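The values are calculated or read from the model by the stated rules, or taken from the named source; none is laboratory data. The structure displayed is predicted, hence computed values, not measured ones. Please note: Cβ atoms are built from the backbone with ideal geometry, for glycine as well, and neighbour counts cover all protein chains shown. These area figures cover heavy atoms from the full protein model, side chains too; ligands, DNA and RNA do not enter into them. Shrake-Rupley method; radii C 1.70, N 1.55, O 1.52, S 1.80 Å.
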Amino acid sequence: MSLEAPDTTETDEVPEPTPDELAALLGDLVIDRDDHLNAPGFVIRPDAVQETLSTLKEQAGYDHLSLVTAQEYENRYESIYHLKKFDDPTQEVSVVVPADKDDPVSESGEAVFRTADWHEREAYDLIGIEYDDHPDLRRILLPETWQG
């Protein structure tokens, strides 16, 4: 405990960009918006994953891929990349990547965030989404003999 007055000088904190500012930054990469409770969501083409993640990482400061989740819907599959900032993990953004139900293929985000490696392998194994440019796309949980 210190008796000194707290330092009130400005910090290097970068204000959280608004969803509209992020949409403007991503430009034509965004095909739709999907606003979530805690994080803006941007729907992108399956062939624009690396460019989108790179832009958010390098120009908006989202330097941590905390999770990749996958979902199956009646007419499509989705991969959702959950990005945060190490300096302020309350700043979040989601990148939603729809994939065709009959041919679920998406570009891998592993070239931008190494942590996508295992997350995408899990989505491939359990949901069936294939990730182009993935360095080692093979089952991670289920045995190779698994049917389904």
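Observations, loosely collected:
- Given [x] 16.5; [y] 15.9; [z] 19.0, the label whose value is Kirkwood radius over Cα pairs in Å derived from this model: [x]
- Summarising the amide proton neighbourhood of Ile140: residues at separation of 5 or more, or on other chains, whose placed amide H is nearer than 5 Å comprise Asp125.
- Scanning residues 5 or more positions from Asp132 or on other chains, those with amide H under 5 Å from its amide H are Ser106, Glu107, Ser108, with H placed 1.01 Å from N in the peptide plane.
- Accessible surface of the stretch 62-148, 1.4 Å probe, proportion on carbon and sulfur as whole %: 47
- The relative contact order of the chain, computed from alpha carbon pairs under 8 Å that lie at least 6 residues apart in sequence, is 18 percent.
- Spin-label model, Asp20 to Asp88: label points 7 Å out along the Cα-to-beta-carbon direction sit 1.9 nm apart.
- Accessible surface computed residue by residue for the stretch 19-132, with neighbouring protein chains in place and a 1.4 Å probe, gives 50 Å² per residue.
- Using the rule -39500 (n - 2.57) for each DSSP H run of four or more residues, divided by the residues of the chain, the 222 nm mean residue ellipticity is -6000 deg cm²/dmol.
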